[in-house]
Amino acid sequence: MNILRNPWLSGTTVLLAAALSAAAFAQQKDKPKKLYCWDEGGRRVCSDTLPASAVGHQRTELSASTGSAISRVARELTAEERAAAALQAKAQESEADRLRREMAMVVSYATEKDLQRAFQERFSLVDEGLKSSSMAHTNLHKSLISLLRQANELELAGKPVGKALRNRILTQHRELGLLLATQQRLQAERGTLQGEYERALVRYRELKGTATATVAAPKPPSGG
């Protein structure tokens, strides 16, 4: 349909455009005018427009009709200040997370024995791992000593040490080192767990209002 050949539609379009323009003008007219005041070069500057150079400055926005302050806008932070603020926010989030965990601990464990039982299960897992790695370390060490003795006897007899024997010695030596590293890791884990348990128990008693002078560590499982 050709709009230009339809006078009724053309008139409607004109009226609609006029109405939209009137509404926009009314909104602009109703919008209160503001004054912006900021410090620049050691002096106070006020204007009804805010230049780009003043956008990052601390400023006060006032009503042009009454002169009263409408709002106060803080200056933009520097990169260092933003980084410091981000670190502070992260620290606050970590603290809030810690408090949530502590309250969950109080809700989850009705008594100290419940808390100790939960930690005892974790101690048992670590101690079982230590026990298994210790037994494997002992057996592997004995096997390696036996292989080294065989190689030594061959050398004393003036016979060559075969490739298969040398490879077995090297393989078991590497495995022995890995087992030793596993034992050290588990021992460190147990020490960390012990400290975690003691802190949790002290905090639990504080939150429950049953603080005592000493903290008893859970006993290791039998045979540990």
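A short reminder: the numbers here are calculations on the coordinates, not readings from a lab. This is a predicted model, so every value here is computed, not measured. Don't worry about glycine lacking a Cβ; one is built from the backbone with ideal geometry, like all the others, and counts go over all protein chains shown.
Each part gets one Cα centre, and for the range 151-196 versus the range 27-103 those centres are 65 Å apart. The relative contact order of the range 94-208, computed from alpha carbon pairs under 8 Å that lie at least 6 residues apart in sequence, is 44 percent. Take the Cβ atoms of Ser53 and Ala84, set R0 to 25 Å, and the FRET efficiency comes out at 0.50. With all pairs of separate Cα atoms included, the range 94-208 yields a Kirkwood hydrodynamic radius of 17.8 Å. Here the label points at Gln92 and Ala64, each 7 Å from Cα along the C-beta direction, are separated by 3.7 nm in the simple model. From least to most packed, judged by other beta carbons within 10 angstrom and beginning with the fewest, Cys46, Cys37 follow the order Cys46, Cys37.
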